[in-house]
Amino acid sequence: MKKVTILTDDLGYGGIEKSVSILANYLSDYAKVEVISLYKLYEEPAFSFNSKVNVKYLTELKPNKLDIIYNLKNLKIFSFLLAVIEWLRIKIKSRKALIDYISICDSNIIISTNRVLNKYLGNYKKDNVCTVAWEHFHH
């Protein structure tokens, strides 16, 4: 049986997350499916997955973009700098976890859901893996 992996940033509330759940649930009738989330925002995904879909989180980290924006808007310079340093730490840890996972992934097909994940998937996937770069946004 084929194995399909879907890579996403998080499984919170949004259009990408809803689309991931619909696609994963559909594909699970035809292949072994796993959904890999870079961040764990909530204890449970915002949208449900059937029991055949394996959901994994690469990190327990949560992005701190709102902290950065709040501190910048309120001119809290020291807090802003600390938030930026924390943001860098989160990015470095999460990207390392992503690269490590992609490098060892044993799926036949890997679908990534945004341009940053697409870039890492293209650079670090195994040669025999079929990849799909799925861009949900329109810029």
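The values are calculated or read from the model by the stated rules, or taken from the named source; none is laboratory data. These numbers were taken from a predicted model, which means no experiment stands behind them. Using ideal geometry, Cβ is built from the backbone for each residue, glycine included, and neighbour counts are taken over all protein chains shown. When the accessible area is computed, the model is the full protein with side chains, heavy atoms only, and any ligands, DNA or RNA have been set aside. Shrake-Rupley method; radii C 1.70, N 1.55, O 1.52, S 1.80 Å.
If you check every pair at least six apart or on different chains, which have Cβ atoms under 9 Å apart with a residue in the stretch 91-116 that is more than 15 Å from LEU58 (Cα to Cα) first and a residue that is of a type in the set (S, T, N, Q) and outside any strand (DSSP E or B) second?
Close Cβ pairs satisfying both conditions: ASN108/ASN128; THR113/SER19.
Quick check: is even one residue across the stretch 1-12 at pLDDT below 90 and either surrounded by fewer than 18 Cβ atoms within 10 Å (Cβ to Cβ) or more than 19 Å from the chain's Cα centre (by Cα) (or both)?
First, the residues of the stretch 1-12 that are at pLDDT below 90: 1.
Still in the list and also either surrounded by fewer than 18 Cβ atoms within 10 Å (Cβ to Cβ) or more than 19 Å from the chain's Cα centre (by Cα) (or both): 1.
Checked the stretch 1-12: at least one residue is at pLDDT below 90 and either surrounded by fewer than 18 Cβ atoms within 10 Å (Cβ to Cβ) or more than 19 Å from the chain's Cα centre (by Cα) (or both).
Under 7 Å by Cβ, and 6 or more places apart or on different chains, what pairs join a residue from the stretch 46-75 that is within 22 Å of LEU117 (Cα to Cα) with one that is open to solvent by 60 Å² or more (accessible area, probe 1.4 Å) and among the hydrophobic types (A, V, I, L, M, F, W, C)?
Qualifying pairs under 7 Å: ASN64/TRP87.
Which residues, taken from the stretch 56-84, are among the hydroxyl-bearing types (Ser, Thr, Tyr) and farther than 30 Å from ILE6 by Cα? So that I can check it myself, show each step before the final result.
Let us first name the residues in the stretch 56-84 that are among the hydroxyl-bearing types (Ser, Thr, Tyr), namely 57, 59, 70, 79.
Passing the criteria: TYR70, SER79.
Which one of LEU75, LEU117, LEU121, LEU88 is on the phi > 0 side of the Ramachandran plot and of a type in the set (A, V, I, L, M)?
That would be LEU75, the only listed residue that is on the phi > 0 side of the Ramachandran plot and of a type in the set (A, V, I, L, M).
Please tell me if SER21 is of a type in the set (S, T, N, Q), surrounded by 18 or more Cβ atoms within 10 Å (Cβ to Cβ) and either at pLDDT 95 or above or more than 26 Å from LYS96 (Cα to Cα) (or both). Let's see the steps before the verdict.
On the way: of a type in the set (S, T, N, Q): yes; surrounded by 18 or more Cβ atoms within 10 Å (Cβ to Cβ): yes; either at pLDDT 95 or above or more than 26 Å from LYS96 (Cα to Cα) (or both): yes.
Judged against the criteria, SER21 is a match.
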